[in-house]
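Inspection log for the structure reproduced underneath, given as structure tokens.
The values are calculated or read from the model by the stated rules, or taken from the named source; none is laboratory data. Note that the structure is a prediction, hence the values are computed from the model and not measured. Note that we place each Cβ from the backbone using ideal geometry, even for glycine, and neighbour counts take in every protein chain shown.
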Amino acid sequence: MVARWFAELSRNGSGPKFLVLALTSMLAAGCQGSVLDPVGPVADGERLILMDALGIMLVIVVPTVLTTLWFAWWFRASNGAALYRPAWVYSDKLEVVVWCIPALTVLFLGGLAWTGSHKLDPARPLQSRVSPLEVQVVSLDWKWLFIYPDQHVAVVNRLVLPVGRPVHFRLTSSSVMNVFFVPRLAGEIYTMNGMVTELNLQADRTGNYPGLSAQFSGDGFAGMHFDTEVMSGSSFDQFIEQARAAPARLDDDAYKSISRPSEGVPVQLFGNVTDGLFENIASRRLPPGEGPTGTGRPYGSTAGED
């Protein structure tokens with residue numbers, strides 16, 4: 001039955017069109033929700049770099065594959081027109097091709113990486129007439145803490161952003177190194193205990209976009225993900241008011257409690273945050289978290305300790 005269906009498609013000329021449409025649909029479906037389906041200027045710039053790099057490398061890969069196939073066909077045993085030259089050892093023209101094409105490819109890729117790394121520097125502010133939203137991020141074991149310092153609220157495992165407004169992140173870790181990653185908004189950025197990294201991004205479309213940890217950090221790593229909700233400015237203001245109404249307060253004691261390793265933690269709102277909490281975490285005025293305890297030792301201990 002399937003064979004007759006494909007035969008009918010071939011007879012009426014719609015077979016090639018159908019195959020092209022099917023392949024295009026599969027490729028488009030595979031790109032949805034990935035780094036190739038950006039919803040902000042930073043992710044779009046990173047997608048462009050990926051596609052440009054792919055195109056440059058295909059300039060070498062495709063001719064190399066085609067030439068290899070042609071050589072195998074031309075110099076087959078049954079082809080009497082192919083010349084056999086056992087004494088041939090050198091060709092100036094061939095040497096120029098062999099060395100110049102890879103050199104040009106490396107030059108183009110290097111230039112692409114150079115300009116892209118400066119243009120998409122995570123710490124570089126985005127150009128906008130709107131002031132950026134400040135968000136402080138702490139990677140915990142195994143959950144994420146998002147602090148809105150200007151609004152004095154905080155959320156666990158839920159990131160809410162206003163559409164069309166730049167966002168400036170400052171990130172650190174409570175214990176082991178981790179990686180913050182929202183594929184459709186920006187590239188990966190590391191979080192490290194005792195250090196602060198920066199990231200600037202912007203979401204141009206409302207929606208719900210998955211975020212995750214992109215580096216193994218212990219047994220609960222697989223569940224260390226969060227939702228990034230991008231909403232209108234008025235809806236974001238309503239969220240802030242909802243968060244402020246939450247009775248929980250995030251102070252030093254509350255932070256020490258949530259920094260303990262735990263898995264499958266639900267979203268939690270804090271209606272008030274102690275001033276300077278993020279700075280105390282990053283500067284280690286608050287002690288580092290316990291970290292993964294799979295070895296039976298707390299974070300920071302050594303193999304020789306009892």
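Residues that are among the hydrophobic types (A, V, I, L, M, F, W, C), farther than 14 Å from Leu140 by Cα and not in a helix (DSSP H, G or I) are absent from segment 205-214.
Every listed requirement among (1) modelled with pLDDT of 90 or more; (2) surrounded by fewer than 22 Cβ atoms within 10 Å (Cβ to Cβ); (3) out of contact with any Lys or Arg (no Cβ under 8 Å at 6 or more places or on another chain) is met by Gln151 save one, (3). Taking Val135, is it surrounded by 11 or more Cβ atoms within 10 Å (Cβ to Cβ), at pLDDT 85 or above and among the β-branched types (Val, Ile, Thr)? Considered against the rule, which asks whether it is surrounded by 11 or more Cβ atoms within 10 Å (Cβ to Cβ), at pLDDT 85 or above and among the β-branched types (Val, Ile, Thr), Val135 comes out as yes. Any residue in segment 166-189 that is among the polar types (S, T, N, Q), surrounded by fewer than 18 Cβ atoms within 10 Å (Cβ to Cβ) and part of a loop (DSSP other than H, G, I, E, B)? No, the conditions are met nowhere in segment 166-189. Scanning segment 149-168 for residues that are more than 19 Å from His225 (Cα to Cα) and out of contact with any helix residue (DSSP H, G or I) (no Cβ under 6 Å at 6 or more places or on another chain) yields Pro149, Asp150, His152, Val163, Gly164, Arg165, Pro166, Val167, His168.
Just checking, does segment 64-76 include any residue being more than 30 Å from Arg184 (Cα to Cα), part of a loop (DSSP other than H, G, I, E, B) and not basic (Lys, Arg)? Looking for residues that are more than 30 Å from Arg184 (Cα to Cα), part of a loop (DSSP other than H, G, I, E, B) and not basic (Lys, Arg), one finds at least one in segment 64-76, hence yes.
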